[in-house]
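For reference, the structure discussed in these notes is given below.
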Amino acid sequence: MIKQKKTKTRANFTDVRGEIRDLVVGEKIDTVTLITSKKGAIRANHYHKKTSQFDYIISGLIECRTKLMPKGRVVKHILKAGDLLYHPANEAHALLALEDSVFLSITCGPRRGGKYESDTYRLEKPLIV
């Protein structure tokens with residue numbers, strides 16, 4: 001179960017060969033998606049009613065703004081390599097690549113593959129423009 005919204009991940013095991021790092025533990029995972037974004041690219045500006053999501057930054061720098069729907073306050077997060085940010089269902093999220101970036105979007109719920117739009121609700125007023 002998720003205890004923190006933003007987490008700086010740590011290696012579980014390290015030796016001369018490298019490291020092993022658990023990103024998400026104890027959650028049912030439906031999809032793991034690799035996303036690349038060029039500097040200045042804006043992604044998301046939506047929320048999911050039944051899907052929770054983790055964003056894990058592999059490289060780059062990303063500004064993420066979140067808002068619990070419908071009347072929460074907007075929160076700004078700056079994410080760098082090794083950061084993991086959790087988005088519960090009904091939390092709007094938008095991401096701006098502050099530099100070329102690569103991240104994983106890990107989802108739990110019906111939003112996946114060809115059903116991507118089935119649980120994706122676009123924001124009338126974007127969090128990032």
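The values are calculated or read from the model by the stated rules, or taken from the named source; none is laboratory data. Note that the structure is predicted; figures quoted are calculated from it, not measured. Cβ sites come from the backbone with ideal geometry, for glycine too, and all protein chains shown count toward neighbours.
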### Hits in the range 32-50 (condition: touching a helix residue (DSSP H, G or I) at 6+ places or on another chain (Cβ under 7 Å) and either at pLDDT below 95 or surrounded by fewer than 19 Cβ atoms within 10 Å (Cβ to Cβ) (or both))
Lys49, Lys50
### Query
Would the range 108-118 turn up any residue that is among the basic types (Lys, Arg), closer than 18 Å to Thr33 by Cβ and surrounded by 15 or more Cβ atoms within 10 Å (Cβ to Cβ)?
yes
### Task
Check Thr14, Thr7 and return the single one that is part of a strand (DSSP E or B), touching a residue at least 24 places away in the same chain (Cβ under 8 Å) and of a type in the set (S, T, N, Q).
Thr7
### Task
Please work out if Leu61 is crowded, with 16+ Cβ neighbours inside 10 Å, in contact with an Asp or Glu (Cβ under 7 Å, 6 or more places away or on another chain) and within 24 Å of Arg10 (Cα to Cα).
yes
### Message
Exactly one condition in (1) of a type outside the set (S, T, N, Q); (2) at positive phi; (3) crowded, with 21+ Cβ neighbours inside 10 Å is false for Gly82; which is it?
### Response
(3)
### Query
Does the range 17-29 contain at least one residue that is touching a strand residue (DSSP E or B) at 6+ places or on another chain (Cβ under 8 Å), modelled with pLDDT under 95 and within 22 Å of Leu98 (Cβ to Cβ)?
yes
### Task
Enumerate the pairs (first residue in the range 64-75 and closer than 14 Å to Glu124 by Cα and modelled with pLDDT of 95 or more; second residue anywhere and of a type outside the set (Gly, Ala, Ser) and part of a loop (DSSP other than H, G, I, E, B)) with beta-carbon separation below 8 Å, excluding pairs fewer than 6 apart on the same chain, so at least 6 apart or on different chains.
Lys67/Arg73; Lys67/Val74; Lys67/Leu127; Met69/Asn90
